[in-house]
């Protein structure tokens with residue numbers, strides 16, 4: 001086993017930014033808006049680095065697909081402890097239509113090329129909320145998947161994953177190579193400190209084009225329209241309990 | 001200022017300045033308060049006192065990191081998970 005882990009990181013609009021829809025309803029305003037690493041991807045990077053610190057795996061490779069700015073996201077992953085990065089360059093129209101299907105094809109090709117033992121991804125991105133890339137990657141590679149992982153432990157060539165599901169927690173054991181997707185409670189991501197960021201500048205980021213990996217980026221989806229959620233109606237104030245009951249009867253709730 | 005401690009103080013200032021970029025009330029607000037806080041003690045010469053102040057600064061760094069983590073964690077929890085009641 002190569003002991004190599006691929007971690008996918010996505011550059012998204014920062015979670016604390018107030019999102020605005022473009023006036024033509026074609027998408028969301030991204031120019032000049034603060035971007036950062038997807039919070040679930042941070043948790044994925046942290047888990048990979050933890051596995052390396054426990055000496056259960058040998059190398060952590062951070063991968064990101066996108067324009068030049070995606071390199072900043074890879075640098076953050078390197079500062080958190082990844083060993084090297086791979087930037088798959090996708091820009092312009094291709095980047096606008098880049099979705100889980102294309103990314104999972106890219107990750108599958110990279111996993112074969114790098115002889116990866118594990119792929120760890122965030123469970124979903126906070127911009128598109130697809131929750132598909134991990135599952136699609138596992139399907140393309142015909143690898144087992146441990147999704148919504150809230151606890152991961154390695155047992156030889158197998159991985160024990162505790163998954164967060166609707167009814168509670170599910171524990172499964174899967175063979176490697178495998179794909180894992182990180183849920184919120186998997187770990188506490190470390191903050192990339194200044195000295196680590198300086199050290200990360202020396203780590204290598206390889207540049208790859210999707211064509212080199214033999215991946216076709218055409219999308220089968222077309223975004224027709226993007227709208228803001230409906231505005232919350234202002235509440236009404238009533239004077240007495242009798243008024244309240246009357247109003248509830250009027251709207252048919254009682 | 002004693003020479004080895006000068007490096008410590010500068011390291012502390014740079015680290016806090018870097019962390020301040022994400023401060024909820026804005027990076028400019030943080031930078032102003034940070035500068036005031038450092039300027040208040042600029043004439044300190046006792047190495048023991050300086051070490052204490054640097055330790056206090058390190059504590060602030062830990063508090064900021066905890067603040068940022070909790071903010072993000074609570075935002076994600078609120079957005080993606082059912083309330084537990």
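The values are calculated or read from the model by the stated rules, or taken from the named source; none is laboratory data. Not measured: the values here are computed from a predicted model. Virtual Cβ from ideal backbone geometry, glycine too; neighbours counted across all protein chains shown.
Values as computed for the structure displayed
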{"read-out": "Counted residues, region A:159-184 - those being closer than 22 Å to residue A:56 by Cα and modelled with pLDDT under 95", "value": "1"}
{"read-out": "Check on residue B:8, surrounded by 12 or more Cβ atoms within 10 Å (Cβ to Cβ) and over 24 Å from residue A:42 (Cα atoms)", "value": "yes"}
{"read-out": "Meets criteria (within 14 Å of chain B (Cβ to nearest Cβ), buried (at least 16 other Cβ atoms within 10 Å of the Cβ) and in contact (Cβ under 8 Å) with a residue 40 or more places away in the chain) for residue A:138", "value": "no"}
{"read-out": "Residue under evaluation residue A:68, criteria (1) in a loop (DSSP other than H, G, I, E, B); (2) more than 23 Å from residue A:204 (Cβ to Cβ); (3) in contact with a strand residue (DSSP E or B) (Cβ under 9 Å, 6 or more places away or on another chain), criterion not met", "value": "(2)"}
{"read-out": "Flag for residue A:200 being more than 27 Å from residue B:82 (Cα to Cα), surrounded by 14 or more Cβ atoms within 10 Å (Cβ to Cβ) and modelled with pLDDT of 90 or more", "value": "yes"}
{"read-out": "Any chance residue A:181 is touching a residue at least 24 places away in the same chain (Cβ under 8 Å), within 14 Å of another protein chain (Cβ to nearest Cβ) and surrounded by 16 or more Cβ atoms within 10 Å (Cβ to Cβ)", "value": "yes"}
{"read-out": "Entirely in chain B, the helices (runs of 4 or more DSSP H) that have 2 or more residues that are touching a residue at least 40 places away in the same chain (Cβ under 8 Å) and within 12 Å of chain A (Cβ to nearest Cβ)", "value": "B:3-19, B:47-80"}
{"read-out": "Failed item in (1) closer than 30 Å to residue B:27 by Cα; (2) surrounded by 18 or more Cβ atoms within 10 Å (Cβ to Cβ); (3) more than 14 Å from chain B (Cβ to nearest Cβ), with residue A:41 passing the rest", "value": "(3)"}
{"read-out": "Enumeration of residues in region A:1-34 that are within 14 Å of chain B (Cβ to nearest Cβ) and touching a helix residue (DSSP H, G or I) at 6+ places or on another chain (Cβ under 8 Å)", "value": "A:15, A:16"}
{"read-out": "Count of residues meeting criterion [surrounded by 24 or more Cβ atoms within 10 Å (Cβ to Cβ) and farther than 19 Å from residue A:192 by Cβ] in region A:59-87", "value": "1"}
